[in-house]
Amino acid sequence: MSVVDVLHAATGILLAAAALLVLLRLVRGPAIVDRMVASDLLLTVVVLALVADMAIGGHTRSLPLVLALAGTAVLGAIAVARYVSKHDRRPEESAAPARGPAGRES
Amino acid sequence: MPVDWSELLAAILLLLGAVLALSAGIGVLRFPDALSRMHAATKPQNLGLIAMLAALVLASSSWITLLAVLPVIALQLITTPMAAHMLGRAGYRVGSVRQDLLIRDELEDDIRRAQRTGESPGRRASGRDR
């Protein structure tokens with residue numbers, strides 16, 4: 001097992017961990033915008049995994065898929081952001097928006 | 001043991017992309033509001049993807065791969081700011097941005113000024129267009 005193999009294995013493990021963390025935020029996310037950011041990032045991690053698979057396996061079969069995803073990934077975020085309105089505002093923040101340095105912790 | 005330097009460099013670039021993806025995952029999970037989560041999420045979207053595609057070009061070592069990779073990078077660089085702009089505006093509108101974390105909010109000044117000077121038609125439009 002050479003150095004390159006170790007690096008490849010570490011790449012796969014780190015990508016899987018990143019996808020898990022992003023998935024956690026996707027489930028938790030308090031607002032629709034947080035979920036949209038997380039799902040955008042999840043798609044990016046998938047694209048990165050596809051590219052890493054191509055580079056490690058020495059083929060270029062997934063390249064059209066990567067090209068299409070890079071071009072169309074933006075549509076989901078734009079479509080969701082278009083229909084997010086003020087009515088989705090969280091109730092505790094619409095009543096009295098917090099101002100000033102108080103509550104900087106957390 | 002002979003070391004293939006281009007293969008080693010490709011593996012290091014792949015690892016760089018994966019580290020950026022992991023840092024973005026940690027940031028998205030732990031940062032407090034939507035804007036800082038977007039800040040964390042942008043790193044693998046641009047730099048991580050470019051590093052991994054460079055590794056792919058190094059690993060496949062053909063010019064045709066480079067020709068297919070360049071439009072991917074161009075499309076990603078063009079479309080990521082569009083998504084960030086729309087999401088940031090929507091997040092500001094629905095209150096996913098924590099005001100107490102901002103040092104200076106110039107958009108709020110502009111909205112106040114527009115609401116002071118504008119009459120009822122301006123106020124009606126400010127709900128959608130701010």
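Values for this structure:
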| quantity | calculated |
| --- | --- |
| Residue in the range A:56-67 that is in contact (Cβ under 8 Å) with a residue 12 or more places away in the chain, assigned to a helix (DSSP H, G or I) and within 18 Å of A:L14 (Cα to Cα) present | yes |
| Considering residues of the range B:58-78 that are β-branched (V, I, T) and surrounded by fewer than 20 Cβ atoms within 10 Å (Cβ to Cβ) only, the residue nearest to B:D4 (Cα to Cα) | B:T65 |
| Candidates A:L42, A:L26 - the one that is assigned to a helix (DSSP H, G or I), within 11 Å of the chain's Cα centre (by Cα) and either at the interface with chain B (Cβ under 8 Å from one of its Cβ atoms) or closer than 19 Å to B:L75 by Cα (or both) | A:L42 |
| Unmet requirement for A:A19, which otherwise passes all of (1) in contact with a Lys or Arg (Cβ under 8 Å, 6 or more places away or on another chain); (2) part of a helix (DSSP H, G or I); (3) not β-branched (V, I, T) | (1) |
| Spans of helices (runs of 4 or more DSSP H) in the range B:1-98 with at least 1 residues touching a helix residue (DSSP H, G or I) at 6+ places or on another chain (Cβ under 9 Å), farther than 20 Å from A:A77 by Cα and more than 8 Å from every other protein chain (Cβ to nearest Cβ) | B:5-30, B:49-60, B:63-94 |
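Table: residues versus (1) modelled with pLDDT under 85; (2) small (G, A, S); (3) touching a Pro at 6+ places or on another chain (Cβ under 6 Å); (4) under 19 Å from B:A59 (Cβ atoms).
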position	(1), (2), (3), (4)
A:L26	no, no, no, no
A:G29	yes, yes, no, no
A:A49	no, yes, no, yes
A:H59	no, no, no, yes
A:P64	no, no, no, yes
A:R82	yes, no, no, no
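The values are calculated or read from the model by the stated rules, or taken from the named source; none is laboratory data. Only a predicted model underlies this, so the values are computations on that prediction, with no experimental measurement involved. Quick reminder, even Gly has a Cβ in these numbers, built from the backbone with ideal geometry, and neighbours come from all protein chains shown.
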